[in-house]
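The values are calculated or read from the model by the stated rules, or taken from the named source; none is laboratory data. Note that this is a predicted model, so its numbers are computed, not measured. Backbone-built Cβ (ideal geometry, glycine too); neighbour counts: all protein chains shown.
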Amino acid sequence: MKKYIRDTGGEAKHTECLELCARMFGYRNTKELRSFCGDGSSPSDAQASSTEVRDRARQYLAEIQKMGFTREQAWDLITEVQCGGWLGFGRFIAAIPAEIDTCAT
C-alpha cells in the first residue's frame, strides 16, 4: 500500500498505512486490529460472499478517500494492492459496480 501511495505521488508513513488498513477493516486503530488478527472471526476478501465483498469495498473506498484520494485512485488501490486473501479486488471485480460506486466521496 505504501508503495502504491508513493507511486501515485502521495506521501504516507508506514504507521499511517497501518492506521488506514485498520480503519478500512472497521477497527479504530492498529492495536485494535492486531487483537483480532488471525482469530478466524472474519473470512478474507477472497473468501467472503459477494454481498460482503460489496460492503467491504464500499468501506475501503470511503476510508481511502478520507485520506485525500479520489474515488478512482481508491479503486485502483484496492484493485491492485493485494496481501494474501485481502484486497486485490481486481481478481473478482472488473470495474466499480454501481452499488459500490455510490459510496460517499
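The residue of segment 1-15 that is surrounded by the most Cβ atoms within 10 Å (Cβ to Cβ), among those that are over 18 Å from THR70 (Cβ atoms) and not polar (S, T, N, Q), is LYS2. For segment 26-36, a tally of residues being among the aliphatic types (A, V, I, L, M) and farther than 16 Å from GLN59 by Cα returns 0.
Can you name the residue in segment 29-49 that is within 22 Å of MET67 (Cα to Cα) and out of contact with any helix residue (DSSP H, G or I) (no Cβ under 7 Å at 6 or more places or on another chain) and, of all such residues, is modelled with the highest pLDDT? Taking the candidates together, the pick is LYS31. Looking across segment 56-104, the residues that are of a type in the set (A, V, I, L, M), in a helix (DSSP H, G or I) and modelled with pLDDT under 80 come down to ALA98, ILE100. State yes or no: is ARG23 part of a helix (DSSP H, G or I) and either of a type outside the set (Gly, Ala, Ser) or under 19 Å from GLN59 (Cα atoms) (or both)? Spelling it out, ARG23 is indeed part of a helix (DSSP H, G or I) and either of a type outside the set (Gly, Ala, Ser) or under 19 Å from GLN59 (Cα atoms) (or both). Among the residues of segment 17-26, not a single one is modelled with pLDDT under 85 and either on the phi > 0 side of the Ramachandran plot or in contact with a strand residue (DSSP E or B) (Cβ under 6 Å, 6 or more places away or on another chain) (or both).
Take segment 26-55 and flag every residue that is among the charged types (D, E, K, R), in contact (Cβ under 8 Å) with a residue 12 or more places away in the chain and outside any loop (DSSP other than H, G, I, E, B).
Result: ARG54, single match.
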